[in-house]
Amino acid sequence: MRPKRIAILGSTGSVGRQALDLIRDQGELFQVVALTAGKNVDLLARQAREFRPLLIACGDPARAGQLRERCGNGKIHVQAGPEGLRAAATLPEADLVLACIVGAAGLESTFAAVRAGKSVALANKEALVMAGGLMIDSARERGAKLLPVDSEHSALHQCLRGEKRSEVARLVLTASGGPFFRSSAAALADVTPEAALRHPTWKMGPKITIDSATLMNKGLEVIEAHWLFAIPEERISIVVHPQSIVHSLVEFVDGSWICQMGVADMRFPIQYALSHPDRMPSRLQTLRLEELPPLEFLAPDPARFPCPGLARDAIRAGGTAPAVLNAANEVAVDRFLHGGIPFPAIPQVIQEVLEQHEPRPVTGLEDIMAADRKARDAARAAVERRT
Ligand code: MG
C-alpha cells in the first residue's frame, strides 16, 4: 500500500510539530507533500530538509527570500503569501490536509482545501466557528471529509461511529476548567498572562491556552460540535472534568452513555485523524486504569466564566455573529497576553462587540471576512476605552 500523502497547514505550531513527530515514528505509512508556516521560516526550512515535501509556503511574503535561500536546491517548490497557503491546501498530490493554522488566519486555506474536495483533518476550530455553514455545505457538495483533531470532537466522532444521529439525546463536551476553575471572581481580576498560560493538563499553543482559562475554548467547541455533528446547540452541554481523562460523552435516547477516554496528549487525536478510517498501534504511553485519580464531573459557573454563554448567544443569532464572536475573542486574548486588559475584561470586550453587531446572512467567505474585519476594529475600540 502506498503511504498516505499529507499536507500540513501550520506545521511549525503545536499541533503541526506533534503531527510531524508521529509521522517521523510511522515513516512508512505517511508521506509529507506540503508544509506551511506563518513566520517561522527557520523551523519550516528544517522540517522541509527532513521530510522532503514537494511544496513549502510561508504566509509572510517578506520572508519568502529567506526561505528560498535555506531550501534553495530547486527540488522543493517554495511559495509565499495567501496564494502559497492556497497552493499547499489544494495540492493535487495530497490525500489529506491537516489544517492547524490557529485562528482566523487559517480560514481561507482550510476553506480552499474543502473546496478542493480534500479530506481535511481539522485542528483549526476557528474556521468552523466563523464559517461553519459554508464549510459543511461545501464539504457535502465537494465530497470532502472533515475529521476533527480537537480532542473533544475526536472523542465524539469515536462515540458516534456507527450510531444513528436520530438516536442521540445530547453531546457532552468535557472541559478541564483551566487553571482558574476554582478561583474566586476577585482572584480572577488579578490573573497574569504567565499564570493563564500554565494549563494544568494539556500542552497547547498560547491562544488556545488562554481560551481554556476563560472557557471560551468550550464555547467555540459547542459551535464546532454543532456543525460537525449536526446537533442543535441546546443539546450540547459542557461539564468540567479537571482530570482530562474522559474526552467527551454522548447520551443516547435509551439512556445509555458512551464516552471516550485516554491520556491527555494531543498526539492521540492527531493520530486518529491521520489514520482514519483505520486505527494504528500507538507508541505512546496509554492509560493505566488502576493508577487513575478519582474522576470528577462538575457544572461550570456562568457568572465567573461568561464566555460559553456568549458563544451560545452567537450561534443562536446566526449568520455573521459567530465570526464576530471569534474576532472579538482573538483581539481580546491578544491584548490580555500583551498586558493591555485584565483577564475579566476578555468576555466584557466580546459581549460589547457582539451587542453592537447586527448579524447578517452569509453567502460567501467575503461576508465572513468583512464581519471579521469590522469586529476586530470594534474590539480594538472597546479595548481602547478601557485603557
Ligand atoms: Mg478541545
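The values are calculated or read from the model by the stated rules, or taken from the named source; none is laboratory data. The model shown is predicted, which means the values in this text are computed figures rather than measured ones. Counting neighbours? That spans all protein chains shown, and the Cβs are built from the backbone with ideal geometry, glycine included. To get the accessible areas, we keep the full protein, side chains included, count just its heavy atoms, and leave off ligands, DNA and RNA. Shrake-Rupley method; radii C 1.70, N 1.55, O 1.52, S 1.80 Å.
Structural remarks
- Only a single item in (1) touching a Gly at 6+ places or on another chain (Cβ under 6 Å); (2) under 23 Å from Met130 (Cβ atoms) is not met by Met216, and it is number (1).
- For the stretch 332-353, the set of residues classified as open to solvent by less than 30 Å² (accessible area, probe 1.4 Å) and within 21 Å of Val222 (Cβ to Cβ) consists of Ala332, Val333, Ile346, Pro347, Val349, Ile350, Val353, listed by residue number.
- Residue within the stretch 178-195 that is crowded, with 20+ Cβ neighbours inside 10 Å and either among the polar types (S, T, N, Q) or within 14 Å of the ligand (Cβ to nearest atom) (or both) present: yes
- Phe180 fulfils the conditions (1) touching a Cys at 6+ places or on another chain (Cβ under 8 Å); (2) in a loop (DSSP other than H, G, I, E, B) except for a single criterion, (1).
- Among the residues of this structure, Glu296 counts as one that is open to solvent by 10 Å² or more (accessible area, probe 1.4 Å), over 20 Å from Lys207 (Cα atoms) and in contact (Cβ under 8 Å) with a residue 24 or more places away in the chain.
- Counting only strands (runs of 3 or more DSSP E) wholly contained in the stretch 85-167, the ones carrying 2 or more residues that are within 30 Å of Cys259 (Cβ to Cβ), touching a Leu at 6+ places or on another chain (Cβ under 6 Å) and more than 16 Å from the ligand (Cβ to nearest atom) occupy 119-122.
- Selection status of Ala155, in contact (Cβ under 8 Å) with a residue 24 or more places away in the chain and out of contact with any Pro (no Cβ under 9 Å at 6 or more places or on another chain): no
- Close pairs from the stretch 307-327: first assigned by TED's automatic domain parsing to the domain that holds Ala375, partner assigned to a helix (DSSP H, G or I) and at pLDDT below 95, Cβ under 7 Å, at least 6 apart: Asn326/Ala104; Asn326/Glu126; Ala327/Ala104
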